[in-house]
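The values are calculated or read from the model by the stated rules, or taken from the named source; none is laboratory data. Model, not experiment: these values are computed from the prediction. Every residue, glycine as well, gets a Cβ built from its backbone with ideal geometry; the counts of neighbours run over all protein chains shown. To get the accessible areas, we keep the full protein, side chains included, count just its heavy atoms, and leave off ligands, DNA and RNA. Shrake-Rupley method; radii C 1.70, N 1.55, O 1.52, S 1.80 Å.
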Amino acid sequence: MRGLCQRLALYLALCLSLLLYVTPASAASVLAIDYGADYIKASLMKPGLPFDVLLNKDSKRKIHSSVAWKNGERLFGQDAYNLAARKPQDTYNHMKYLLGAPANADIVTYYNQISTSTLVASSRFTVAVPQPGGRTWDVEELVAAQLAYIRQLATDAAGEPVRDAVITVPPFFSQFERDALADAAELAGLKLITLVSDSAGVAINFAITRQFTSTPEYHVIFDAGGSSTRASVVGFSQDAKSKSLQVALKGVGWDRIVSGTEFTRRLRDMLLQEFTKKHPSVDIRADKRAMARIWKEADRVKGILSANNDAVSHVESLIDEIDFRTKISRTDFEAKCKDLAPSFAKPLSDALASANLTMNDIKSVILFGGNTRVPMMRRALDAAAGADKIAVNVNADEAAVLGAALHGASLSHSFRTKDIKLIDVLPYDVQVAYAAEAKDGGASGRTIHSTAFASGSKTGTRKTMSFKRHDDFNLAFQYKQAIAPGYPTEFLETRVEGVKEALANITAEGGSEPVIKATLALSESGFISVPEAVAVADAKDDSIAGKLKGFFGDKASSSSESVNETPTASETAAKSTKTLSIPLTVSVKYPTVAPMSLEQKREARTRLQEQEAKEAAIAMREEQRNGLEGYLYRMRDLINADEQTPFVKCSKPSERAAISKTLEEVQEWFHEHQDTADTKTLLEKRGLLQILENPIQHRYKEIEEFPSALNESQKWNFHTRMFLKEAVANLTKEEEEGIEGKFTREELEGITKTLEEHETWLAQKVEAQRKVKMDEDPAVETKEMRERAKVLELHLQRLIGKKPPRRKIPSTSASASFTTPASSSTATSSTRAGGHEEL
Ligand SMILES: Nc1ncnc2c1ncn2[C@@H]1O[C@H](COP(=O)(O)OP(=O)(O)OP(=O)(O)O)[C@@H](O)[C@H]1O
Ligand SMILES: [Mg+2]
C-alpha cells in the first residue's frame, strides 16, 4: 500500500512538473514508443491533452508486444497474445529479438525455443514469417504493423493524424537492429524524430523533477526487461551558465540473454519436466498448442513466485484431455537459474568499468523493467551495489516512454520544454577499413584499419578523415568486436567516387597537394554514415581579395566540422591561397545484413496499406452486419408495441403492414446471408425498411418539435409588435417636434409588412396543422417555421441595430428603447434604458 501511495505521489509530481516544464510552441504532437519484447508502452504529447501513457482499447497501459493472424485479419496486444493458446502458429510474440537478425544467427535458434511460430529466411537473409494460408512477411513488416496499431491509438487520442515519433532501443542495439526498427517505423507511416536508448528515457524521466548542481551526480539506470538486461551509468548536472540540465550517459553494460523471457523459458522447462515425469508417453513438446499454453502458464507462475515461496500451476486439458497440476517452489526455480546468477548484476559492473567509475561514485542504482521484480535479481543487485543504493523511484514500466516523449518534444521544436541536454554514447568500437595507396597511386594490397568511432563516443557528432588518394576508394565500417553470436561485424561499405575527375579539376584550377576529406557521422539515433566527401586543395589566390588577404593574413576560421582531422597543407599554407573544394559522390553498399531497399519499402508499404484497407472493409462490413441485426430487433419491437406508443400512433395500419412484410423478408434474408453479404447489400437491405420507417419517425419528430417552433414564431411576432408600437409612437412625436427620428416611416412600414405576412402565413398553417391527425404528414414543416421566424427576427435586429441620428441637445424621450429578447442571437446595445444615447 505504501508503495502504491509512493508511486501515486511520484506520478502526480511528474504530471505537475511536466505542466511546468512543457508548453506547446505549436500544435504538433509527438508520439513516444517504448517497443519492448514483451510489452509496448506508448505516450502522446499533444497540447490540450494530459501528458500520460496511451491506453489501448482495453484501457491497458502496457500492451502485449504480440501480433497474430485471424481469418486474414491481424490482431494486436492482448487479443493476439490470447490467440496463441488456440492458434499457436498464427501468433508472433517477442518480434524484437528478430529485428535485423541474420536468418542463421543464434538468436533465431533461441527464438525457436521460446516460440511456437514458424520462421523462414527473407530475400535479404533476415527473418520472415509466413502468414497461415497467406504470404510471407518480413519481420520489419510485422513490427511496422504493431507500430501502425500504436500510431492509430495515438491518432484516435489526438483526434488528428500523428506522425512524429521517438522510439526507444536498448543501448546495445547494433546498426542492423536500428536499421530494421527505423524501416519498420517508416513503413508504419511514422516520421522518426530519433531513436533513443531506453536508459536515456528513464534518465530524463528521473531528472525532470530533480535539481542538480554543476558537479555531476552519477546514477545507474538498471533496466531488466523481457529481452535483455542493461545498465547505464548516467551523469546528471546543471550547466552553470545556461542552467540547462545535462543528462550524460557515461558507460553501458548489458546481457542479451538474462531476461524475463529466459526466466520464463526455464520455468516452462520445469513445468515440462514435471509433466513428462507424470506422463512419460506423451510428447508434449511436439504439440504446439500445449507448448503455447504452458508458456503462458510459466509466465503466470513466474509472477506468483516473485511474491510467494511457491505456486500452484494448473492447466486444464493441457493435452490429450490431461489436466496438468503441479507445485513449483521459488527455491527450485532459483536453482534452475543458478548458472545465470553471476550474470545478473554483471551489466552493472560492466557499465561502471566502461564509465571508468566505481560503485563509490554512484549515488543510486535506479531499477526499471519488469524483471527487476524477480527476487533473485534484486538480491544480486543488492549484493553488487549495496541495498541502500537500490532506488525504486521511477515507474518500472513507464519511465522510459515518458522520458522519451519529453526528449522527443524537446527535439521536435513544437514544444518549449525544460532545457535538457541528452548526451548518449556508442557502446561499440567501430573501425573503418580502407586500402592503403601505393606510392605510385595504385593499390598497395594492404588494408588499413583505423578507429572511426571508439566506444563511448557521443552520438550526434561528426568527424573528418583526410586521405591522400588518386582514385575512387572504399571505406568499410565494422564493429571491432562481435556484437552477438551469428551477427556479422561488417555493416556498411561506402565508396567515395569521382576522385580522378575532381583531382583533374583541382589541377586545372592551379590547386596543389589535394586531399580527400570524408565526413563520418554518428547520428543522434546511433547510425554511422558518411554523409559527404570532398576533394580539397589550396591554390594561389590571384584575386585582389586574395592578395590583400595574403598581405594582412586570413583571420577566417576553417569551416570544417572535423573533430580529429589531421592538419592538411591548406591550413598551414601561406595566407594568399584560396581553398578549392569539390564535392564527391558517396555511394552505399551493405556487405552483410542489408536494411530494406527503397523499392522493398515501397512494396511493403503498399502491402501493409492493402492489408489495412482489407481490415477496414471487414470492420465496416461487421459494423453494418451488427447495425442491421440491431435495427431488425428494434423494428420488430416497434411494430409489436402497444397502441399507445408514438410509433403506432404516428403510423397507419397499412404502413405497419408494409413494414411487417418487408421486415419478415429482410429477417429471413439476414439469417441466411449475414456472414457472407457485403457492406453494400447490408446497407441496401436496411434501406428497404428505412424508407418505410422514415416518414413515420418524421411525423413523430414534427409533432414533438411543433410547440417550440410555434413558440419561436409567435415570440418574434410579439416582439416585433411591441417594437412597432413604441417606434411608431416615437416617430409621430418626433415628426411633431420636427426632429429627425431614429427610424423613417418607410422603415417602419417595411417591417410592418414583414410582420403581417408572417402572422398571416403562420395563422393559416397553424389552422391547417390543427386538422392533421397523428398518422398523417404535417401541414407545415417546423424547419420552414423556424426559417420564416428568422427572416422576421433579422429584419427586426437590423432596425434595432441602426445608429440613431446625431443630436445636439440630448433628448430623454426620443428613440425607441426597445431591446431584443435574451434569446436573440445578435444582441445589440443601441439604446440603453433611461434614454441614454450612444455616441
Ligand atoms: N512481478 C513480476 N515477477 C516476475 N517477472 C515479472 C514481473 N512483472 C513483470 N515481469 C516480467 O518482466 C518482463 C517484462 O518487462 P518489461 O515490460 O520491462 O519488458 P520489455 O520492455 O517488454 O522488454 P525489453 O525492454 O527487454 O525489450 C516479462 O518477462 C515479465 O514476465
Ligand atoms: Mg523495456
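Applying a threshold of 8 Å to beta carbon distances and a minimum spacing of six or more residues, or different chains, the list of pairs starting in the range 230-249 at a residue that is farther than 14 Å from Gly403 by Cβ and free of Cβ contacts under 8 Å to residues at least 24 places away in the same chain and ending at one that is open to solvent by 10 Å² or more (accessible area, probe 1.4 Å) and aliphatic (A, V, I, L, M) reads Gly235/Ala248.
Would you confirm, using the coordinates I've provided, whether Val166 is closer than 30 Å to Pro102 by Cα, within 14 Å of ligand 1 (Cβ to nearest atom) and open to solvent by less than 20 Å² (accessible area, probe 1.4 Å)? For Val166, the condition - closer than 30 Å to Pro102 by Cα, within 14 Å of ligand 1 (Cβ to nearest atom) and open to solvent by less than 20 Å² (accessible area, probe 1.4 Å) - is not met.
With Ile691, Ile703 as the choices, which residue is of a type in the set (Val, Ile, Thr), surrounded by 16 or more Cβ atoms within 10 Å (Cβ to Cβ) and in a helix (DSSP H, G or I)?
Numbers: Ile691 fails: surrounded by 16 or more Cβ atoms within 10 Å (Cβ to Cβ).
From the options Ile691, Ile703, the qualifying one is Ile703.
So for the range 356-377 (the condition being under 26 Å from Ser197 (Cβ atoms) and in contact with a Cys (Cβ under 8 Å, 6 or more places away or on another chain)), does at least one residue qualify? Yes, because at least one residue in the range 356-377 is under 26 Å from Ser197 (Cβ atoms) and in contact with a Cys (Cβ under 8 Å, 6 or more places away or on another chain). Are there any pairs, at least 6 apart or on different chains, whose C-beta atoms fall under 7 Å, with the first in the range 165-179 and acidic (Asp, Glu) and the second open to solvent by 10 Å² or more (accessible area, probe 1.4 Å), and if so, which? Pairs that qualify, where the first residue is acidic (Asp, Glu) and the partner is open to solvent by 10 Å² or more (accessible area, probe 1.4 Å), are Asp179/Pro595. List pairs: first in the range 213-224 and assigned to a strand (DSSP E or B), second open to solvent by 50 Å² or more (accessible area, probe 1.4 Å), Cβ under 8 Å, 6+ apart or cross-chain? Short answer, once both residue conditions are applied: Glu217/Lys363; Tyr218/Lys250; Tyr218/Asp361; Tyr218/Lys363; His219/Lys363. Taken over the range 134-152, the residue count meeting the criterion of being open to solvent by 30 Å² or more (accessible area, probe 1.4 Å) and either touching a residue at least 24 places away in the same chain (Cβ under 8 Å) or of a type in the set (Phe, Trp, Tyr) (or both) is 4. Residues being buried (at least 23 other Cβ atoms within 10 Å of the Cβ) and more than 16 Å from ligand 2 (Cβ to nearest atom): count how many of those fall in the range 259-274. Counting residues in the range 259-274 that are buried (at least 23 other Cβ atoms within 10 Å of the Cβ) and more than 16 Å from ligand 2 (Cβ to nearest atom) gives 1. Within the option set Phe368, Phe415, being assigned by TED's automatic domain parsing to the domain that holds Ile221, open to solvent by less than 30 Å² (accessible area, probe 1.4 Å), away from ligand 1 (no atom under 16 Å from the Cβ) and among the aromatic types (Phe, Trp, Tyr) holds for one residue only, Phe415. One residue stands out among those in the range 385-404 that are away from ligand 2 (no atom under 15 Å from the Cβ) and in contact (Cβ under 8 Å) with a residue 12 or more places away in the chain: the one that is surrounded by the most Cβ atoms within 10 Å (Cβ to Cβ), which is Ala385. If we keep just the residues of the range 28-40 that are assigned to a loop (DSSP other than H, G, I, E, B) and within 16 Å of ligand 1 (Cβ to nearest atom), which is surrounded by the most Cβ atoms within 10 Å (Cβ to Cβ)? If we take residues in the range 28-40 being assigned to a loop (DSSP other than H, G, I, E, B) and within 16 Å of ligand 1 (Cβ to nearest atom), then Gly36 is surrounded by the most Cβ atoms within 10 Å (Cβ to Cβ).
Criterion first (away from ligand 2 (no atom under 15 Å from the Cβ), assigned to a strand (DSSP E or B), out of contact with any helix residue (DSSP H, G or I) (no Cβ under 8 Å at 6 or more places or on another chain) and not aliphatic (A, V, I, L, M)) does Gly253 satisfy it? If you could, list the steps in order and put the result at the bottom.
Details: away from ligand 2 (no atom under 15 Å from the Cβ): yes; assigned to a strand (DSSP E or B): yes; out of contact with any helix residue (DSSP H, G or I) (no Cβ under 8 Å at 6 or more places or on another chain): no; not aliphatic (A, V, I, L, M): yes.
Criteria not met by Gly253.
Checking each residue in the range 136-163 for being outside any helix (DSSP H, G or I), among the hydrophobic types (A, V, I, L, M, F, W, C) and farther than 17 Å from Lys96 by Cβ picks out only Val162. Across the range 326-342, the number of residues qualifying as open to solvent by less than 30 Å² (accessible area, probe 1.4 Å) and touching a residue at least 60 places away in the same chain (Cβ under 8 Å) comes to 4. Only a single criterion out of (1) open to solvent by less than 10 Å² (accessible area, probe 1.4 Å); (2) within 16 Å of ligand 1 (Cβ to nearest atom) is not satisfied by Ile204, namely (2).
Search the range 175-195 for residues being touching a Ser or Thr at 6+ places or on another chain (Cβ under 6 Å) and open to solvent by less than 10 Å² (accessible area, probe 1.4 Å), and hand back the single one that is nearest to Gly225 (Cα to Cα). Checked the range 175-195; the qualifying residue nearest to Gly225 (Cα to Cα) is Leu195. Hey, any hits in the range 219-241 for a residue that's under 28 Å from Thr326 (Cβ atoms), more than 16 Å from ligand 2 (Cβ to nearest atom) and either modelled with pLDDT of 95 or more or not acidic (Asp, Glu) (or both)? No, there is no match, as no residue in the range 219-241 is under 28 Å from Thr326 (Cβ atoms), more than 16 Å from ligand 2 (Cβ to nearest atom) and either modelled with pLDDT of 95 or more or not acidic (Asp, Glu) (or both). Within the set Asp388, Asp320, the sole residue that is modelled with pLDDT under 95, out of contact with any strand residue (DSSP E or B) (no Cβ under 6 Å at 6 or more places or on another chain) and of a type outside the set (Phe, Trp, Tyr) turns out to be Asp320.
Which is under 24 Å from Lys70 (Cβ atoms) and either open to solvent by less than 60 Å² (accessible area, probe 1.4 Å) or modelled with pLDDT of 95 or more (or both), of Ala641, Ala709, Ala617, Ala657?
Numbers: Ala641 fails: under 24 Å from Lys70 (Cβ atoms); Ala709 fails: under 24 Å from Lys70 (Cβ atoms); Ala657 fails: under 24 Å from Lys70 (Cβ atoms).
Of Ala641, Ala709, Ala617, Ala657, the one residue that is under 24 Å from Lys70 (Cβ atoms) and either open to solvent by less than 60 Å² (accessible area, probe 1.4 Å) or modelled with pLDDT of 95 or more (or both) is Ala617.
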